[in-house]
């Protein structure tokens with residue numbers, strides 16, 4: 001059997017915001033074709049991990065390293081990470097009045113293409129691509145003429161995140177609590193979007209509080225994060241067990 | 001005491017010049033000669049304002065006072081060849097002044113409805129226009145305004161737009177004032193719009209952008225808006241880098257009318273826009289919006305007065321400023337709500353984006369409310385680009401500089417999007433883009 005490509009390798013990662021240490025020694029390897037779920041209570045550090053991977057500057061990495069396809073990810077600016085195929089679906093997508101979604105997405109796509117030495121897409125080509133991808137998350141084309149996330153409902157914002165992911169086709173997709181605040185229909189649409197994008201060459205890290213999303217996006221591995229460390233790793237059954245027994249039991253067991 | 005003597009000397013110089021100016025213009029009607037001499041008297045008494053003057057606290061006009069016209073006659077040179085194409089607006093009537101004098105060869109006035117007058121003030125005066133005699137200096141008082149007094153004493157030309165009752169002018173009227181380095185001009189505009197009439201006016205001041213030589217343009221615009229009339233006004237300051245620009249717009253509104261003005265300032269070294277609107281009847285809607293972008297050592301000062309003199313009027317004011325380099329901005333927005341002006345609805349917002357540590361803004365909303373059943377809101381924000389928005393764009397692969405440009409542009413677009421004249425809006429989008437590139 002051919003050796004799988006390692007997409008992400010996190011070794012003993014420590015990070016803090018201001019004086020508070022949040023990540024305290026994360027180890028995680030993600031191979032191409034895999035989906036990993038990271039579960040944990042609020043404050044366990046799961047969103048911090050997602051933000052650190054995307055390059056948010058407020059978080060200071062104090063120890064450890066992160067390799068993305070063998071390269072030092074932590075040395076890269078956020079835009080460089082995105083250009084190399086890292087995508088973060090935000091927990092709280094930012095509203096940016098005055099910036100047209102279509103303009104924004106074409107600028108993003110073209111800067112990624114440019115970084116890969118590919119030709120920029122003109123407006124016609126882009127529109128064709130976008131029309132094709134909008135179906136994946138059942139978005140209406142009126143979105144293209146609106147400002148980024150401005151006046152979007154919670155569900156629309158999350159669908160728009162997945163839509164962007166569909167257009168930009170990342171190698172590593174990180175979903176930061178994409179399921180929070182979604183009703184069951186929106187959850188299904190978002191999950192379908194992710195499942196459509198999954199292939200042998202890419203990988204997904206799904207950060208979530210609840211098992212519910214994992215009924216739709218079936219993970220190969222489930223990691224339980226507690227106090228900034230992965231305390232348990234298993235398959236999808238772990239998430240189901242957790243849902244019945246709760247974090248509390250786990251917390252006690254960890255003591 | 002150097003400050004005083006310097007300003008005194010400048011003032012004295014203008015008084016001396018006026019003697020020669022009056023002799024030169026011996027042909028002028030007596031009413032105008034009297035008006036000019038009264039205005040000069042006021043200017044002589046007031047002098048150039050110092051920073052001790054409350055309304056000029058943040059803007060030092062000494063560079064303007066110091067400025068002297070250069071002797072050699074300036075030529076049209078590049079300005080004539082580079083445009084008016086450069087400034088052209090599709091479908092608009094165009095009138096061009098060069099160094100304050102009407103240039104018919106650069107102007108193009110299309111067919112206008114009957115009874116409408118669109119011409120230079122000089123021409124109207126030569127034809128002994130009664131309308132001009134009745135209305136000039138009727139709205140813009142010079143008793144306490146040195147620059148209005150100076151303009152009234154020295155103006156040579158400007159635009160007259162007279163729209164009688166019940167006339168709609170579809171095509172915008174584009175008034176373009178071009179200046180060359182070393183010159184001084186005192187444009188004087190009079191817009192008289194009758195009852196139930198409608199007109200769109202674009203008042204633009206521009207110069208050779210690369211010109212290193214200073215020039216001084218001091219404009220006064222008087223607007224009278226009739227009952228149920230609609231005036232959509234735009235004031236563009238795209239002056240050369242070294243230009244000094246001072247302008248006063250005084251608007252008098254009658255009941256049920258709508259007046260809106262957009263003041264866009266990208267050019268000029270020292271710019272002062274004073275925009276005053278008096279709501280002199282009920283059920284009036286007034287909008288005063290503005291956008292300015294400063295870089296290097298530009299000083300851009302916007303002063304506005306919304307005067308709610310009568311009940312049931314609404315005013316809207318949105319200003320946005322972007323300041324880079326060592327540029328400075330001033331926003332002073334006064335709202336008066338007089339004792340009788342019940343049910344007033346006044347909204348004001350001003351937002352400033354500071355792109356460098358050395359840029360500076362002095363923002364002052366000033367509400368003086370004497371009526372008790374009114375709604376007045378104002379908000380001022382000053383800040384840098386939003387870090388969350390910046391990160392969001394970068395997380396999608398857009399590099400830092402491009403992300404900053406996108407957000408800066410969006411900040412300004414909010415104002416430009418309110419401009420209804422499509423070719424003007426598109427041109428200003430391009431001007432904005434170029435300006436933002438140059439201050440980055």
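No lab work stands behind these numbers, since they all come straight from the coordinates. Keep in mind that this is a model prediction, so the values were computed, not measured. Please note: Cβ atoms are built from the backbone with ideal geometry, for glycine as well, and neighbour counts cover all protein chains shown.
Here are the numbers for the structure shown:
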item	result
Neighbour-count order for B:156, B:401, fewest beta carbons within 10 angstrom listed first	B:401, B:156
For q = 0.07, 0.15, 0.17 Å⁻¹, Debye-computed log10 I/I(0) when each Cα of chain A counts as one equal scatterer	-0.23, -1.11, -1.41
nm² value of the averaged projected area, convex hull over the Cα atoms of the range B:397-440	3.2
Gaussian network model of chain A, Cα within-10 Å springs - most flexible of A:150, A:118, A:177	A:118
Spacing of the two label points (7 Å from each Cα toward its C-beta) at residue B:434 and residue A:233, in nm	5.9
Centroid-to-centroid separation of the range B:364-385 and the range B:340-363 [C-alpha atoms, Å]	8
Computed Rg/Rh of the range B:319-440, alpha carbon atoms with Kirkwood Rh	1.07
Largest to smallest principal axis extent of the C-alpha atoms in the protein assembly as shown, angstrom	102, 50, 49
Sites residue A:69 and residue B:88, calculated FRET efficiency, Cβ-Cβ separation with R0 60 Å, nearest 0.05	0.65
Relative contact order of chain A, defined on C-alpha pairs under 8 angstrom at six or more residues apart (%)	27
Cα point-scatterer Debye curve for the range B:265-308, base-10 log of I(q)/I(0) at q = 0.14 Å⁻¹	-0.43
Where a label projected 7 Å from the Cα of residue A:3 along Cα→Cβ would reach, residues of the range A:69-94 with amide N under 15 Å	A:69-71
For chain B, average projected area of the Cα convex hull in nm²	21.4
Per-pair calculated FRET efficiency, R0 = 60 Å: residue A:124 and residue B:144 via Cβ, rounded to 0.05	0.50
R0 of 41 Å, Cβ-Cβ distance residue A:180-residue B:418: FRET efficiency to nearest 0.05	0.70
Residues B:188, B:351, sorted so that the one with the fewest Cβ neighbours within 10 Å comes first	B:351, B:188
Helical contribution to [θ] at 222 nm, DSSP H n ≥ 4, -39,500 (n - 2.57), averaged over chain A, rounded to 500	-11000 deg cm²/dmol
Inter-label distance, nm, simple model (7 Å from Cα along the C-beta direction), residue B:105/residue B:375	5.6
Principal axes of the range A:21-137: Cα extent on each, largest first, Å	48, 30, 28
Rounded tilt (10° steps) of A:123-134 against the dominant C-alpha axis of chain A	40
Globularity ratio of the range B:312-356, using Cα Rg and 2.2 N^0.38 Å	1.58
Order of B:354, A:175 under a 10 Å beta carbon neighbour criterion, fewest first	B:354, A:175
Peptide B:381-389, shielding by other chains (average Cβ, 10 Å cutoff)	2
Centre separation in Å (Cα based) which lies between the range A:44-89 and the range A:96-144	24
Using alpha-carbon coordinates, inclination of helix A:236-254 to the longest axis of chain A, degrees	50
Whole-angstrom gap from the range B:165-217 to the range A:207-229, using each part's C-alpha centre	65
